[in-house]
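Visitor: Would you mind keeping the following structure in view while I ask a few things?
The values are calculated or read from the model by the stated rules, or taken from the named source; none is laboratory data. Just so it is clear, the structure is predicted and the values come from calculations on it, not from any experiment. Backbone-built Cβ (ideal geometry, glycine too); neighbour counts: all protein chains shown.
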Amino acid sequence: MNVDRLDPLAVRISGVAETGVNPGWSGTVVADAPFAALLLVQVGDTVTWGKPEVISATSVPISLHLHPLNWAGTAVQFHFCVGWRGVESLCLPIAPQNLHSPTPSALSFVSGEARTFCTVASDPPATFQLLFLARSNVAAGRTGVWRPHKRFRGAFPAQLEAALFGGRNGTVPARTAA
C-alpha cells in the first residue's frame with residue numbers, strides 16, 4: 001500500500017481486561033484526527049469484517065467481549081466493536097480454560113496499516129485486526145457506510161479491497177481478505 005497517498009493518522013488504544021461471566025477487554029481509541037475504522041476477524045480460511053460509522057470525534061470506545069453460549073463455556077459469541085458497531089455475530093467453540101480476557105498485542109496504529117489487535121485461542125483461533133483511515137480519506141454514503149475515496153482504489157493490498165470498498169459488514173475467503 002502506498003501510505004504516502006493517505007493523510008497521516010496516529011491512533012493509540014488503551015484499556016483494561018474485564019473478568020466475570022462475559023470476559024473481555026474494554027478501552028478507548030484516541031486518534032489525532034477524526035477517523036474511520038475497519039475491524040477484521042480471521043478464523044481459518046475466512047475473514048469477517050465490520051465497518052462502524054465514521055468517527056467524527058477523536059476518541060471512541062473499543063471492546064472485545066466473549067459471551068459464553070452455554071453453561072459449560074465451550075462456545076462463545078464474540079462482540080468486537082469500535083464505537084457501537086463492528087463484528088458481533090461470530091460464534092466459535094472454545095476450550096473452557098481459554099475463556100478469559102484477551103490480551104492485546106498492538107496498541108498503536110497508523111493510517112492504512114492493518115495490524116493484529118489480538119488473537120483468541122478458540123477452535124480454530126480467531127485473529128482480530130484493526131485498520132484505521134483518516135476521515136479525510138473516506139466518503140460516507142447516506143446510510144453511514146464509508147469507503148475510501150475512489151482515487152485510492154488499487155492502492156490497498158488486494159486482500160483488503162473487498163472489505164474497504166464493500167458494505168458495512170461481510171465475509172470473504174482469507175486469501176482475498178486481510
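Visitor: I want to confirm something. Restricting to the stretch 8-61 and keeping residues that are out of contact with any Leu (no Cβ under 9 Å at 6 or more places or on another chain) and of a type in the set (Asp, Glu), which single residue is surrounded by the most Cβ atoms within 10 Å (Cβ to Cβ)?
Guide: GLU53
Visitor: Scan the stretch 94-106 for residues that are surrounded by fewer than 15 Cβ atoms within 10 Å (Cβ to Cβ) and either modelled with pLDDT of 95 or more or part of a loop (DSSP other than H, G, I, E, B) (or both) and jot them down.
Guide: Looking only at the stretch 94-106, we keep the residues that are surrounded by fewer than 15 Cβ atoms within 10 Å (Cβ to Cβ), and these are 95-97, 103, 105-106.
Passing the criteria: ALA95, THR103, SER105, ALA106.
Visitor: Residues of the stretch 67-83 being over 22 Å from PRO173 (Cα atoms), within 14 Å of the chain's Cα centre (by Cα) and not in a loop (DSSP other than H, G, I, E, B), which ones?
Guide: Correct list: VAL82 only.
Visitor: Do we have LEU131 as aliphatic (A, V, I, L, M) and either under 14 Å from the mean Cα position of the chain (by Cα) or on the phi > 0 side of the Ramachandran plot (or both) here?
Guide: yes
Visitor: Confirm whether ARG175 is outside any loop (DSSP other than H, G, I, E, B) and without any contact (Cβ under 8 Å) to a residue 24 or more places away in the chain. Spell out how you get there, then give the answer.
Guide: Details: outside any loop (DSSP other than H, G, I, E, B): yes; without any contact (Cβ under 8 Å) to a residue 24 or more places away in the chain: no.
For ARG175, the condition - outside any loop (DSSP other than H, G, I, E, B) and without any contact (Cβ under 8 Å) to a residue 24 or more places away in the chain - is not met.
Visitor: Inside the stretch 65-74, can you point out the residues that are crowded, with 17+ Cβ neighbours inside 10 Å and closer than 17 Å to PRO124 by Cβ?
Guide: LEU66
Visitor: Moving on to the next point. Quick check on my filter: what residues within the stretch 149-167 are farther than 19 Å from GLY83 by Cα and touching a Phe, Trp or Tyr at 6+ places or on another chain (Cβ under 7 Å)?
Guide: If the condition is that a residue be farther than 19 Å from GLY83 by Cα and touching a Phe, Trp or Tyr at 6+ places or on another chain (Cβ under 7 Å), then ARG153 is the only one that fits.
Visitor: Ok, one more. Tell me whether the stretch 68-83 contains one or more residues that are under 25 Å from THR19 (Cβ atoms), in contact with a helix residue (DSSP H, G or I) (Cβ under 8 Å, 6 or more places away or on another chain), at pLDDT 95 or above and of a type outside the set (Phe, Trp, Tyr).
Guide: Scanning the stretch 68-83, I find no residue that is under 25 Å from THR19 (Cβ atoms), in contact with a helix residue (DSSP H, G or I) (Cβ under 8 Å, 6 or more places away or on another chain), at pLDDT 95 or above and of a type outside the set (Phe, Trp, Tyr), so the answer is no.
Visitor: Go through the stretch 78-114 and report how many residues are without any contact (Cβ under 8 Å) to a residue 40 or more places away in the chain and out of contact with any Lys or Arg (no Cβ under 9 Å at 6 or more places or on another chain).
Guide: Qualifying residue count, the stretch 78-114: 10.
Visitor: Considering the stretch 100-118 alone, what residues qualify as being under 13 Å from the mean Cα position of the chain (by Cα) and of a type outside the set (Gly, Ala, Ser)?
Guide: Within the stretch 100-118, PRO104, LEU107, PHE109, GLU113, ARG115, THR116, PHE117, CYS118 qualify.
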